[in-house]
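Beneath this line is the structure, given in C-alpha cells, with notes to follow.
Please treat every number below as a calculation from the coordinates, not as lab data. Computed from a predicted model, the values in this text were never measured in an experiment. Here the Cβ is made from the backbone with ideal geometry for all residues, glycine too, and neighbour counts use every protein chain on show.
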Amino acid sequence: MSKTRGRPVGSLGKKKKQAIESRSQPLISQAMSAIGEEHEDELHESLSDSEVTDIQEEANLDLTQRLENAVEKAIHGMSSELLKLKKNFERELKLHSEEINKLKSENSKLNRLCADLGNRVTSLESSLDLHSSLLNKNERFLRKNNLRIVGYKTQPSEDCLEITKEVLKKVGIQEAKLERAHRDGKAVQGRSRHILVKLSFFQDKLFAMKYAREKLKGSDYFITDDLTLTDLKEKRRWAKEVSDLYKSGTKLRFQRGMWRKENGQAYSFSAS
C-alpha cells in the first residue's frame, strides 16, 4: 500500500504553530505575571504540552475573533460611507441629468429657431436680389436714351446742347434731337466733368455708340453709355479680359448689363 503524504488531519504545520506561539506568547506572559513568579515553575511543571497548545489555540481564536470584529466593523463603516457617496452621486447625477435634458430641449428650440431664421434670411436675400434686379432694370430703362461725352474740356459760358450737337455731327448724326445736355458728376481738379446727354430717339443713341470709336479716334474725348452703378461694376469687372480679347481679335460690346458678342449673344468669361 502507498503511504499517505502530508501531515495528519487536525495537526498544525510548523510555520502555523510558530505563528500561533509567537502571537499567544504575550498572553502567556500576562498569565504568568498574574500567577506570580513563585508559582511560574510550578505552572510549567503542572501543564502538559497539549494543555499549552490548547491555551495557545484559545488565545489565537480570541485574537482572530477580535480581528474579525475589527475588520467587520471597518468594512461596515466603509460600506456605509460608500452607500452615502453612492446616494449623493445618484442625487447629483439626477440633478445634472435634468439640467442636461433642459439644455438639450433649449438647444433643440434654438436650432429650430436658427433654421427658421436661416430660411427667412435666404428668402429675404432672394427677394432683395430680385428687387435689386428689377430696380436696376427700371433705372436702365430710364437711362435708355442717355450717353456721356467724357473728356471734353470745360469752357467758360459753354452751351452743353451745342457742344453735344457738334460732337454728334462728327459721329454722323447731322440733326440730333436732344432733350437735355449738362455737366454731371463731382468736380475733380485737372479733369472735366462728363456731359450727360439724353437723346429723343433711341436709334440715334445706337448709331452714336456704334460709330463713335471710329469717328472720334484721335480726339481728346470719347462717347460712352450712361450705365447704372450695378452695370458699371459689371463692366469694370471684366475690363482686363475684354482688353485681352480685343487684342486677340475678339470684339465685345457692353449692352443690357453684360458683355456681348457682335451678334448680341452674351459672352461667357468662365468658359473662355
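Things worth noting here:
- Residue order, fewest to most beta carbons within 10 Å, for 149, 55: 55, 149
- Of interest is the spacing of the C-alpha centroids, which for segment 229-272 and segment 87-120 amounts to 55 Å.
- As a ratio to 2.2 N^0.38 Å, the alpha-carbon radius of gyration computed for segment 145-226 takes the value 1.01.
- Simple Cβ-charge dipole of segment 145-226, Lys/Arg +1 and Asp/Glu -1, about Cα centre, in debye nearest 20: 220
- Looking at segment 97-192, the pairs of alpha carbons with a distance over 21 Å make up 64% of the total.
- Overall Cα dimensions of segment 228-272, principal axis frame, Å, largest first: 29, 21, 17
- Cross-link pairs beyond the 18 Å C-alpha cut-off, checked among 153/177; 165/205; 198/261; 169/261; 210/251: 153/177; 198/261; 169/261
- The magnitude of the dipole of segment 193-272, with charges of +1 and -1 set on the Cβ of Lys/Arg and Asp/Glu and taken from the Cα centre, is near 60 debye.
- Neighbours of residue 154, meaning other residues whose beta-carbon lies under 9 angstrom from its beta-carbon, give a summed charge of +2 when Lys and Arg score +1 and Asp and Glu score -1.
- Along each principal axis, taking the top coordinate minus the bottom one, the Cα set of segment 138-181 gives 35, 23, 17 Å in descending order.
- Neighbour-count order for 259, 238, fewest beta carbons within 10 angstrom listed first: 238, 259
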